[in-house]
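Student: Structure incoming, see below.
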Amino acid sequence: WKVAEVSEKGLRVIADVPNSKNRKCRLNTSGKQLLVTLEKPDGSQLFRLDVSGNALIEVDVDQGIQDARIYRISPDKNGDVWMCTSNGAFLFDEEGELQNNGDPYYKGESISGVLRDRENNYWFISPYKGIRVVRNFHIKHYNRLNSALSEMDLTAITASNDGRLFLGTQAGKVV
């Protein structure tokens, strides 16, 4: 894989993604940074574009990220970036530095999406365990037993401009 920049002058290759032949590669942008994730048989590698824009630098990440499958990288309204993995959600600041002492939120759980809503609540979704909402550092776990949630295999989350929450399931349903 190659990372390239497109401008009015055309296409310019910025960097090669090392060891990427026959592997799934994702590009994600947030504010000042470009993150590249590369899936490997035993986990994932993370790279960020250096400030000069000429090379990819492998991010020295915790073993918890290296051994995890990366589902999604989601920027939030603060410019921070959430990396949703099979081993929890990792938080990076806008400069690409791992936060929370490198500890994931919901360690050991598959977190497939994070959303920060207009009231600054954080919504963490899981393919198998429903939704967790963090409000003022109080976590609420919604599932079939304590809410009207009809599906538990959640894989996508988004909110409309008027604040309505939409959830997607593994089977392609919108809840």
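Student: Apply 1/(1 + (r/R0)^6) to the Cβ-Cβ distance of Asn78 and Ser150, taking R0 = 22 Å, and write down the FRET efficiency to the nearest 0.05.
Tutor: Efficiency, from the Cβ-Cβ distance: 0.10.
Student: Measuring from label point to label point, each 7 Å out along Cα→Cβ, what is the Gln170 to Asp93 span in nm?
Tutor: According to this spin-label approximation, the distance is 3.8 nm.
Student: Ok, one more. Using a simple spin-label model with points 7 Å from Cα along the Cα→Cβ vector, what separation in nm is obtained for Val134 and Glu119?
Tutor: 1.8
Student: May I pose another question? If packing is taken as the average count of other Cβ atoms within 10 Å, what order do 146-156, 88-98 fall into, highest mean first?
Tutor: Packing proxy ranking, top to bottom: 88-98, 146-156.
Student: Please sort 162-175, 71-84, 117-130 by packing, taking for each peptide the average over its residues of neighbouring beta carbons within 10 angstrom, highest first.
Tutor: Averaged packing, sorted descending, gives the order 71-84, 117-130, 162-175.
Each reported figure results from applying straightforward, stated rules to the coordinates on display, with no laboratory input. The structure displayed is predicted, hence computed values, not measured ones. Positions of Cβ are generated from backbone atoms using ideal geometry, with glycine treated the same way; all protein chains shown enter the neighbour counts.
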